[in-house]
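What follows is calculated from the coordinates using simple rules that are stated; it is not laboratory data. For clarity, every value in this text was computed on a predicted model and none was experimentally measured. For neighbour counting, all protein chains shown are included, and Cβ atoms are generated from backbone atoms with ideal geometry for every residue, glycine included.
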Amino acid sequence: MATVTLRPGESQEELLRRFRKEVTQARILSVCREKRWFVSKGELRRKQRKRALRKM
């Protein structure tokens, strides 16, 4: 979980910017999007193979 505390003299916009940066670095939203629907093990393997072939 990403936590951010308000620093002395820091505005709300700066605090929000730091929070968003931590969330993106922790990949919280991307993991939530991936786990939104159930994906079987076979389907996951097929996706990984396709992804690996694209990188070659």
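Tell me, please, whether a residue that is part of a loop (DSSP other than H, G, I, E, B) and either surrounded by 10 or more Cβ atoms within 10 Å (Cβ to Cβ) or not polar (S, T, N, Q) (or both) can be found in the stretch 40-49. Explain how you work it out, then say what you get.
Start the filter on the stretch 40-49 by keeping residues that are part of a loop (DSSP other than H, G, I, E, B), which leaves 40.
Retained after the next criterion (residues that are either surrounded by 10 or more Cβ atoms within 10 Å (Cβ to Cβ) or not polar (S, T, N, Q) (or both)): none.
Scanning the stretch 40-49 turns up no residue that is part of a loop (DSSP other than H, G, I, E, B) and either surrounded by 10 or more Cβ atoms within 10 Å (Cβ to Cβ) or not polar (S, T, N, Q) (or both).
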Of these, Leu6, Leu15, Leu53, which one is surrounded by 11 or more Cβ atoms within 10 Å (Cβ to Cβ) and part of a helix (DSSP H, G or I)? Leu15
